[in-house]
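All remarks here apply to the structure that follows.
Please treat every number below as a calculation from the coordinates, not as lab data. Please read all numbers here as calculations on a predicted model, not as lab measurements. A quick note on method: Cβ atoms are made from the backbone with ideal geometry, for glycine too, and the neighbour counts reach across all protein chains shown.
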Amino acid sequence: MFKSRLKGLCIRMICFYQKYLSHGTCLYTPTCSEYTKRCINNLGVLPGILCGMWRILRCNPLSKGGIDPAPEPFFKKIWLL
């Protein structure tokens, strides 16, 4: 229960940042804040924040940018019909 509340709090803080503070000038797709949100949702709070921090360190004017999807959970169930 604590983990889900912490996850929700982190995602709400990122949403606040995206709505009120972000300029939307990221070189990557999805943006760094959206990438961090997806990582927190997929991997958990601590690994998601670490992935987001690594992404923010890579997002600089010398970077070429491009498409960089968030990692999926390792044991994700994939349903095939």
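Evaluated on segment 25-69, the Kirkwood hydrodynamic radius is 10.3 Å, with distances taken between all distinct Cα atoms. Counting neighbouring Cβ atoms within 10 Å and putting the fewest first, the residues Lys7, Lys19, Lys37 line up as Lys19, Lys7, Lys37. When Thr36, Thr31 are sorted by how many other C-beta atoms sit within 10 angstrom of their C-beta, beginning with the fewest, the order is Thr31, Thr36.
A cysteine counts as unpartnered when no other cysteine's C-beta lies under 4.7 Å of its own; in the chain this applies to Cys10, Cys15, Cys26, Cys32, Cys59. Charges were assigned to the Cβ only: +1 to each Lys and Arg, -1 to each Asp and Glu. The resulting dipole of the chain about its Cα centre is roughly 240 debye. Output the 0 to 90 degree angle, nearest 10, between the alpha-carbon long axis of helix 45-58 and the longest principal axis computed from the alpha carbons of the chain. Value to nearest ten degrees: 20.
An ellipsoid equivalent to the chain, defined through the eigenvalues of its Cα gyration tensor, has semi-axes of 22, 18, 11 Å when rounded to whole angstrom and sorted largest first.
Across the chain, Cα pairs under 8 Å and at least six residues apart give a relative contact order of 32 percent. So what's the angle, to the nearest 10 degrees on a 0 to 90 scale, between helix 32-43 and the longest Cα principal axis of the chain? The angle comes out near 20 degrees.
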